[in-house]
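Laboratory data are not the source of any read-out in this text; all were calculated from the coordinates shown. Predicted model, so just to flag it, every value in this text is computed and none were measured. Here the Cβ is made from the backbone with ideal geometry for all residues, glycine too, and neighbour counts use every protein chain on show.
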Amino acid sequence: MGEQLAFYALSALILAFAVLVITARNTVYAILFLVLDFLCVAALYVTLHAQFVAVIQIVVYAGGIVILYLFVVMLVNLKRAPEAHTDRRRLGRFGVGLSAVILAEFAAIALYGYVRPAVGAAEGALSSSNVERVGWLLYTDYLVPFELASMLLLVAMIGAIVLARREL
């Protein structure tokens with residue numbers, strides 16, 4: 001009964017903070033509401049006995065991602081009007097093609113998850129803690145999606161470097 005009450009209370013807080021993120025007029029306040037939202041999600045993970053995921057939620061999202069958002073908000077001049085012209089160097093067809101490739105990768109991951117055999121009970125019994133289970137599953141059953149996600153992050157990092165270098 002207590003777990004259900006905590007779940008519903010945290011769910012209500014998560015939804016309330018999400019609405020506040022969307023409706024906040026000041027972007028810094030929106031980011032602070034986002035931090036509170038991420039912390040409530042981490043608390044929800046703790047109630048589900050996923051302490052490792054809760055710590056990762058706090059470190060990665062409430063820590064790193066939100067700091068990145070704050071830097072972007074403070075470095076970008078939000079008072080400036082949008083540009084009136086479009087860039088002729090924009091590669092629209094290339095973007096559509098790249099989106100199709102990523103969609104095909106997601107379809108391959110879904111097909112792989114549907115076709116592969118189920119995890120045996122003996123494999124799950126090998127590890128005892130959440131961290132060991134996450135590591136075991138990440139590098140055995142979910143190796144292909146993990147590697148695809150790492151490649152996607154690598155491409156995003158290279159794209160950010162190329163975009164930053166053009167402006168220097």
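Using the Cβ-Cβ distance between Val28 and Tyr142 with R0 set to 45 Å, the FRET efficiency from 1/(1 + (r/R0)^6) comes to roughly 0.80. Would the stretch 2-75 count as rounded, prolate or oblate if I go by the C-alpha gyration tensor, calling it rounded below 1.5 in a/c and otherwise prolate when a/b exceeds b/c, oblate otherwise? Note, shape of the stretch 2-75 comes out oblate. For the stretch 134-149, the Karplus equation 6.51 cos²θ - 1.76 cosθ + 1.60, evaluated at θ = phi - 60°, returns couplings of 4, x, 4, 5, 5, 9, 10, 6, 10, 5, 5, x, 5, 5, 5, 5 Hz by residue, with Gly and Pro reported as x. Going by neighbour counts of Cβ atoms within 10 Å, the residues Glu105, Glu3 line up, fewest first, as Glu3, Glu105.
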